[in-house]
Amino acid sequence: MPKSKTHSRGLMLIAAFKLLKGFALLAVAIGALRLLHKDVAGVADQWINAFRVDPHNHYIHWLLAKLASVDDRRLRELSVGTFIYAAVFLTEGTGLALHKRWAEYFTIITTSSFLPLEVYEVIHHATIAKVVALLINIAVVAYLVRELRRYRKPGPRHGIVSKVRSQSTSGGGGGSPGPLKVETAEVPGDVDNLSDEK
């Protein structure tokens, strides 16, 4: 069964989302490497001043306090982990953009594996961003599972119609029919539905 335009648009939308996340994480990983051997809190303070953010804000103080405890070892760990996540998202996005079936399975497996952790985070530390991210990932998994079921390759339930025709011998009209030749053709749709269409 040929894939519809809606299916292609859905895959491209998910691919763009995955690629966007992948490139964003790649930028974070590179940024973490560039902060090695530097005063992370001091760099963050410079950016806060550049964007004219209120330095007396409670959240800004909390952020600076967290960054002050970040050392080179934690930066390397953060960078390596972020590179791995970026590679996963970029692989998913590239495969989906190229309409590869393996990418659909891979995306379902990897996205589903993160759902329990995301649910835990929403239950214990709920924020709007976490809830939105959880709903998006659930929607992605549900969509891909539904599409894989719709466009799966013909299996035992898709039936094989056999057409038998006789192959006559050469030339004359009085010759006896030749050996039977069996041709098979795949019929889209379920065999169960054939009787209903008659």
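We did not get these values from a lab; they are worked out from the coordinates using the rules stated. No experiment lies behind these values; they were computed from the predicted model shown. Methodologically, a virtual Cβ is constructed for each residue, glycine included, from the backbone with ideal geometry; neighbour enumeration extends over all protein chains shown.
Approximating the spin labels as points 7 Å out from Cα along Cα→Cβ, the residue 133-to-residue 121 distance works out to 0.2 nm. Its Cα gyration tensor gives region 72-132 an equivalent ellipsoid; the semi-axes, largest first and in whole Å, are 24, 19, 9.
By the count of other C-beta atoms within 10 Å, a proxy for reagent exposure, 8, 79 are ordered fewest to most as 8, 79.
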